[in-house]
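> Please find one structure pasted underneath; my questions will follow.
The values are calculated or read from the model by the stated rules, or taken from the named source; none is laboratory data. These numbers were taken from a predicted model, which means no experiment stands behind them. As a convention, Cβ positions derive from the backbone with ideal geometry for all residues, glycine included, and neighbour counts pool all protein chains shown. Keep in mind that these areas ignore ligands, DNA and RNA; they rest on the heavy atoms of the full protein, side chains included. Shrake-Rupley method; radii C 1.70, N 1.55, O 1.52, S 1.80 Å.
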Amino acid sequence: VAHILSLLAPAKLNLYLRVVGKRPDGYHELETVFERIDLADELTFDDDPRDVTLTSSHPSLSCGEDNLVIKAARALQRATGTTRGARIHLEKRIPVAAGLGGGSSDAATALIGLDRLWKTHCSTPQLHALAAQLGSDVPIFLLDAPFAIGRGRGELLEPVKVTTVLHHVLVTPNVPLSTKEIFAEADFSLTAVRPSSTIAVHALRNGSLGELAQGIGNDLAPAAIRRCPLIQEIQRGLLDAGCLGAGMSGSGPSVFGLCHDRQQAEAVARQMQRQFTAGFVRVVRTFHNPL
Ligand code: C5P
């Protein structure tokens, strides 16, 4: 019986996201605070001498060469020269195109899993370089820290190693948004200058939820709200329900509400489920397990 490797691919939230400016290469310069959360996809890897193949539990997700998991496998094959293959299965639990980094996490987890399966022994900087080529949000999922500051495209990372566990209600409207389109429409030059990510990081180190709530903000929210006004209604709903703060993650449409504890999060989630029947509502917390 072949040995099967199984790994979790957690989602992320952006507690804070500031667009600093537009770069000559078309990307935007960011300052962001990432948090990994316990909503996770699961990838299983099985040896196959012939080729890399992917199956998934998601009914409409492409499992072809355009899937980031296959792209990750191809990048690792090219970088290491291995001719080995794998049968990969993706159990999809993170909503797609929702601002939660699901595809990016799958790609990072594929790099980690295949490097282990193929015994290609890539160094951490090598994996990081491959990850950054696959997408701006892929490298964070190689870190074993629960929080990180991201700069540049989001790939220049400063891990924040704290034991803080945050509890959130996550609400994802059933409206996929294109990251490319939201960035293109972001009028960040008009948005108020936000406090820097150091406020959020200071709050994480202190475990001060009130201070952390003050640091929540996302420069991509106005553009996302123009496409999906429900984002703003959910933010208001979460605050009215008693969350300390509420913000959009990534390029949306997922919205998170910061809660005092698990118990409050569960109560707020029940209320959100009644109020926003079209959305995906989950209680999530900081994901601390090293990959
Ligand atoms: O890096 P990734 O391929 O995930 O980015 C998807 C798209 O999002 C990019 O093509 C770009 O249009 C936009 N983007 C950006 N600035 C970033 C990250 C992404 O403009 N820092």
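> If I filter the stretch 26-67 down to residues being in a strand (DSSP E or B) and more than 20 Å from the chain's Cα centre (by Cα), which single residue comes out as farthest from the ligand (Cβ to nearest atom)?
The residue in question is ASP47.
> Let me ask you something else. Failed condition for ARG18, given (1) within 23 Å of ALA246 (Cβ to Cβ); (2) open to solvent by 40 Å² or more (accessible area, probe 1.4 Å); (3) away from the ligand (no atom under 14 Å from the Cβ), with all others met?
Status for ARG18: all satisfied but (3).
> Let me ask something additional. With within 16 Å of the ligand (Cβ to nearest atom), of a type outside the set (Lys, Arg) and in contact with a Lys or Arg (Cβ under 9 Å, 6 or more places away or on another chain) as the only criterion, which of ALA184, ALA107, ALA145, ALA131 stands out?
Only one candidate qualifies: ALA107.
> Return the residues of the stretch 104-123 that are more than 20 Å from the chain's Cα centre (by Cα) and touching a residue at least 12 places away in the same chain (Cβ under 8 Å); say none if nothing qualifies.
Selection gives LEU114, ASP115, ARG116, LEU117, TRP118, THR120, CYS122.
> I need the full set of residues from the stretch 151-181 which are among the basic types (Lys, Arg) and either open to solvent by less than 60 Å² (accessible area, probe 1.4 Å) or part of a strand (DSSP E or B) (or both), in order please.
ARG151, ARG153
Matching residues to (1) open to solvent by less than 30 Å² (accessible area, probe 1.4 Å); (2) outside any helix (DSSP H, G or I); (3) within 21 Å of ILE216 (Cβ to Cβ); (4) at pLDDT below 95:
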| position | (1), (2), (3), (4) |
| --- | --- |
| HIS121 | no, yes, no, no |
| GLN126 | no, no, no, no |
| ALA129 | no, no, no, no |
| ALA132 | yes, no, no, no |
| ILE140 | yes, no, yes, no |
| ILE149 | yes, yes, yes, no |
